[in-house]
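Following: one structure in structure tokens, then a few remarks.
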Amino acid sequence: MMHIETPRLLLRWFRPADVADMLEYRTDPEVLRYQTLDPSSREHAEEFIAEQSQNNIDKVGAWMQVAIERREDGKVVGDLAICFREEEPRIVEMGFNINRSLQGKGYATEAATAIAAFLFRQRNVHKISCLVDVRNPASFRVLEKIGFRREAQLRKSYFDTIDGDWFDEYIYGLLAEEFEG
């Protein structure tokens, strides 16, 4: 069961009723700009949500999407992706998406801080890492606010099909002992 509350948000598994909210941001090319996600069709979103709604936090080696719901009105404003590494499940990879019309309101920071607190305190995670396109300063500013450190730069490691060129990515990491959230 995934149920993490913050002052404004609820982090939980997706439900079938979330399709319309998810499609709002998962069909926006600007939201998907720095990711390897393809825009979703309604059918794909329904299949994805059906699969993701069956998640179990103990799953290792596969990406799990956590819905970010605004508590005041139940709107899904985005999602967090987490993956416990198969070779070392105490290291978790993370990413996030926020509806473009709702960016800049602190939802990503609030949600990522809450999931980090949960992972470190409830799941005994040692480290959370994130891969971020160097052209996406909004994402790495969120991570830096939480305490993540830029650990490396991977040169020309991501091929952007829109721009038709290779781009660098940053690796960010946060250790349990560094987390203050």
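Can ALA112 be described as modelled with pLDDT of 95 or more and part of a helix (DSSP H, G or I)?
Numbers: modelled with pLDDT of 95 or more: yes; part of a helix (DSSP H, G or I): yes.
When the stated conditions are applied, ALA112 passes them.
Taking only pairs six or more apart or across chains, which ones have beta-carbon atoms under 7 Å, a first residue in region 95-109 that is assigned to a loop (DSSP other than H, G, I, E, B), and a second residue that is acidic (Asp, Glu) and buried (at least 17 other Cβ atoms within 10 Å of the Cβ)?
Matching pairs, first to second residue: ASN99/GLU24.
Would you say GLU47 is over 17 Å from the mean Cα position of the chain (by Cα) and free of Cβ contacts under 8 Å to residues at least 40 places away in the same chain?
Criteria met by GLU47.
What's the number of the condition ALA62 fails, among (1) more than 15 Å from the chain's Cα centre (by Cα); (2) under 28 Å from PHE159 (Cβ atoms); (3) small (Gly, Ala, Ser)?
(1)
Taking the options ARG135, ARG121, name whichever one is more than 23 Å from ASP18 (Cβ to Cβ), among the basic types (Lys, Arg) and outside any loop (DSSP other than H, G, I, E, B).
The unique qualifying residue is ARG121.
Pairs needed: first member in region 51-72, closer than 26 Å to THR109 by Cβ; second member anywhere, outside any strand (DSSP E or B) and of a type in the set (Phe, Trp, Tyr); C-beta distance under 7 Å; at least 6 residues apart or different chains.
Once the first residue is closer than 26 Å to THR109 by Cβ and sits in region 51-72, its partners that are outside any strand (DSSP E or B) and of a type in the set (Phe, Trp, Tyr) give GLN52/PHE14; SER53/PHE14; GLN65/PHE14; ALA67/PHE14; ILE68/TYR107.
The values are calculated or read from the model by the stated rules, or taken from the named source; none is laboratory data. Note that the structure is a prediction, hence the values are computed from the model and not measured. Quick reminder, even Gly has a Cβ in these numbers, built from the backbone with ideal geometry, and neighbours come from all protein chains shown.
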